[in-house]
1. Does chain A come out rounded, prolate or oblate by the C-alpha gyration tensor, with a ≥ b ≥ c the root eigenvalues, rounded set by a/c under 1.5 and, if not, prolate when a/b is larger than b/c and oblate if not?
2. Give the average, rounded to an integer, of partner chain Cβ atoms located within 10 angstrom of each Cβ in C:179-189.
3. Among A:107, A:213, C:162, which comes first, second and so on when ranked by fewest other beta-carbon atoms within 10 Å?
4. For residue C:83, put the label point 7 Å out on the Cα→Cβ axis and report which residues of the stretch C:5-37 keep their amide N under 16 Å from it.
5. What's the ranking of A:30-40, A:465-475 by average number of surrounding C-beta atoms within 10 Å, highest first?
6. Using 1/(1 + (r/R0)^6) with R0 = 30 angstrom and r between the beta carbons of residue B:33 and residue C:76, what's the FRET efficiency to the nearest 0.05?
7. Quick check on packing: order A:290-301, C:139-150, C:14-25 by the mean number of other C-beta atoms within 10 Å, highest mean leading.
8. In peptide C:27-40, what is the residue-averaged number of other protein chain Cβ atoms found within 10 Å of each Cβ?
């Protein structure tokens, strides 16, 4: 049922400098979203290069390619950069771009505030990166514990710039959390009830909930740190308070960096299985419970402090396995019973399932204090969170990118190059991070610039470094794909994949206000409106009067004013 | 069914989930300051729920939204804030330079509103 | 020794559960691929069934049971880890940038070093006797980690973390596990547990009393 008639090639409009400037001050949520994601992507490569530098240093024992100070700075920048300047902006930028389209809205709520959010994020990135160019660049890690990060132990302007940059980026992302959430809650098209929202939109909503509560905590932590940089004081109450305020943000942020990408995977799996998301209502409830639970686990980063109620955080950390399990049930239930197609987006989505699971299961393991006392601050944890973030979330990101890039740009991308990227990246990711669990078990601490030659860590570290370079190669393939596809410009139809959700009902790329007379918002009967239309059409073609299968989520939660019987004029 | 009545309830429900977790935290005997951090976050969620309810009521039935003019004011404002922040890092009085772009941003925003 | 027992119990149990879960998910994916190939061959449409409530409720119930079990394992392992035998002696462990200082309380014995390219200090303990460690810091937060003993506690300035345990006979290496500045990776130490008599001889040789732990 693929489209056999391609639309005529796009005439390439003359780009004027004024056009490019228009992008930077645009209030079109699609442009703001693309700016956010695009900036994140560029920084992803930059901070990824830093990671490869670290891995080069760690390839062999007792190396001093980098000085300890350089290593600590690079390590800090890699962590802060990836979390605050890459994956969080990816997560919110996806929402800025997709949410209005998916809910049938013409714009995002408060577009100028959304744009402000983007530019504050950019300002934060500039401040953080500038911090490396001045004396005393931040080297206390992305968490910056007091008192190491105060002015006594980390003097210099560089660390001040880090504090400022983190605060600016946090403000930017806080604003975007607000506008995306407001859009979802108050700007839905008629018929788009809360229980008709696509799974991706629900993941964005809970992401924004966490953002609205977590970013203020980060700002408080940065305020405390800023105060300590002006008036250094080594008081245990403040040191611990900083940890609490930091991790109260620092744990939800890792879920901010997860939920939108599991949403991408859910959409991709549904489309390429040819059926709607399984167990939708349970997924919604699980997402809400999961997000609330993730606000309650932050103390598991502080198990070894000896100063928090470890059992509570262990209880809440283990509890998260229940909503996570429900979500996995839904993902697996979507592909079982489907007729699967395997374009690049689907491959990334499928790989997400076992890979994120490794990260999640090792997370449950270290949610037990008796295990975490051994594993905390070792390479086991480094392996754990790279499995959730890189093997999980970034794979989910690429699933979303390969899926939605034709919609956003109006051009199709090379499937061959996409699959090459996928194969290399899967191999590279697992070769890099699987050995790290063993390294942690063998007693290698994290955040070390080098390690001794006689502790049996050499071969595993070298393996991890080789894997890192394979990941790097895979990402070069991706860049080449972007370049060559932009050169070939194979035009993308409105719905190249037979998607289920509203963004596929408009042109590629969508018009300024998303839906027009030519591409109106279709009838919304469920969270998969386009699939509903196709299924009804095929039922009508097969012979009218076929009854809907039991269990089909048809008109949804009732009371929406759209009765099951009879078509109304759109 | 009003399209916007469920939304505040979803937010409020999420806040309630968090309050339950705060209650359990109190049961485990965590320090009061820490409980205050979590409880205030949960309270913030309920405040947001109220704001959503008020905002949704105001917007009920509206299908035509005011088109936003370009984002010049937002960008200038951002530049002002970043300049102030960088200024504070290097030399506090440099931050005063930020008054210019912040003022410009305010004027631009006002003229957008009127124009 | 309680840290190793607690760790092995928790890690062993939970890893087995994790392996089963991982295997089941892989199996489910294989079922998906197999079913899909079958539907494609038979030219069947994808299933339109979008929920299976009974199956799901049973599944959530099963998850809750497994999680409750995990929590039980976690709580009991944690309780065992913190089970404090009454100590025969106490060592004050102080981390500082960038090495360690071990002060044997009640005696003048004090072991310290500079690390960073030079010799690293050795914490000598009596094997088979309960000892208490009071872990603290002189400056920033450090981490006191003996991987071979499965013992880790952070060292905070202005705060003392206390733990008691009975070391077996042996030799282990120790690391600083909390980023503490420039020479964090060089901030290592050794731990050596000697039989009681040999331990007392060591204490006496380092300026301490003749008998610290041996009984007459």
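Please treat every number below as a calculation from the coordinates, not as lab data. Computed from a prediction, not measured in an experiment: that's the story for all the values here. Here the Cβ is made from the backbone with ideal geometry for all residues, glycine too, and neighbour counts use every protein chain on show.
1. Prolate, since a/c reaches 1.5 and a/b exceeds b/c.
2. Rounded to a whole number, the mean comes out at 6.
3. C:162, A:107, A:213
4. C:5-11
5. Ranked from most to least packed, the peptides come out as A:30-40, A:465-475.
6. With R0 = 30 Å, the Cβ-Cβ based efficiency is 0.55.
7. A:290-301, C:139-150, C:14-25
8. Mean partner-chain Cβ count within 10 Å for C:27-40: 5.
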